[in-house]
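Engineer: Questions regarding the structure given below will be posed in turn.
The values are calculated or read from the model by the stated rules, or taken from the named source; none is laboratory data. Since the model is a prediction, treat every value here as computed from it, not as a measurement. A quick note on method: Cβ atoms are made from the backbone with ideal geometry, for glycine too, and the neighbour counts reach across all protein chains shown. With ligands, DNA and RNA removed, areas are computed over all heavy atoms of the protein, side chains included. Shrake-Rupley method; radii C 1.70, N 1.55, O 1.52, S 1.80 Å.
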Amino acid sequence: QVQLVESGGGLVQAGGSLRLSCAASGSINSFNYMGWYRQAPGKQRELVATITTGGSTNYADSVKGRFTISRDSAKNTVNLQMNSLKPEDTAVYYCSARRTPLGYWGQGTQVTVSS
């Protein structure tokens, strides 16, 4: 059973930074890709960023230039560095992993950006 555990969420002022981390229970090299999604109150869950085993990345337009996704195979973690945070970044952030055809989700971590 795959487990994904997020950490690093919290409250930050607009313009500040946070670093989220997702720890996987097994080797992250076994996944086709991993990523971060977020869900704000009353809204659908949306893609934030993904990274493949080969290191290719993809970002939502709303976070390009501000967020950076990275992976550490030695620690089996995927990280999301979030800079220049805005109030509209407030959401629950979820770690996701895909091992086709199966997908896995973490429990989520709250990020709140105050204006």
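Engineer: Quick one: accessible surface of I51, probe radius 1.4 Å, all protein chains present, in square angstrom to the nearest 10.
Structural biologist: Surface accessible to solvent at I51 totals approximately 10 Å².
Engineer: Over the Cα atoms, compute the radius of gyration (one decimal) and Dmax (the largest Cα-Cα distance, rounded to a whole number) for the chain, in Å.
Structural biologist: Using the Cα atoms of the chain, the pair Rg, Dmax is 13.3, 41 Å.
Engineer: Could you compute how much accessible surface D61 exposes when probed at 1.4 Å, giving the result in Å² to the nearest 10?
Structural biologist: Answer for D61: close to 120 Å² accessible.
Engineer: Report the Cα centroid-to-centroid distance between region 68-105 and region 4-60 in angstrom, as an integer.
Structural biologist: 1
Engineer: Let me ask something additional. Give me the net charge of M34's neighbourhood, meaning all other residues with Cβ under 9 Å from the Cβ of M34; Lys, Arg count +1, Asp, Glu -1.
Structural biologist: +2
Engineer: Let me ask something additional. Percent of alpha carbon pairs in region 1-68 separated by more than 14 Å?
Structural biologist: In whole percent, the share of Cα-Cα pairs in region 1-68 beyond 14 Å is 68.
Engineer: Counting other Cβ atoms within 10 Å of each Cβ, which trypsin sites (Lys or Arg not before Pro) in region 59-112 have at most 13 and sit in a DSSP loop?
Structural biologist: Loop-located and lightly packed - K64, K75.
Engineer: Moving on. Just want to confirm a number: the relative contact order over the chain, from Cα pairs under 8 angstrom separated by 6+ residues, in percent.
Structural biologist: 37
Engineer: Mind checking the per residue accessible area of region 1-106 for me, 1.4 Å probe, whole number of Å²?
Structural biologist: 52
Engineer: While we're looking at this one, here's another question. Let me know the charge dipole size of the chain about its Cα centre in debye, to the nearest 20, where only the beta-carbon of Lys, Arg (+1) and Asp, Glu (-1) is charged.
Structural biologist: It works out to roughly 120 debye.
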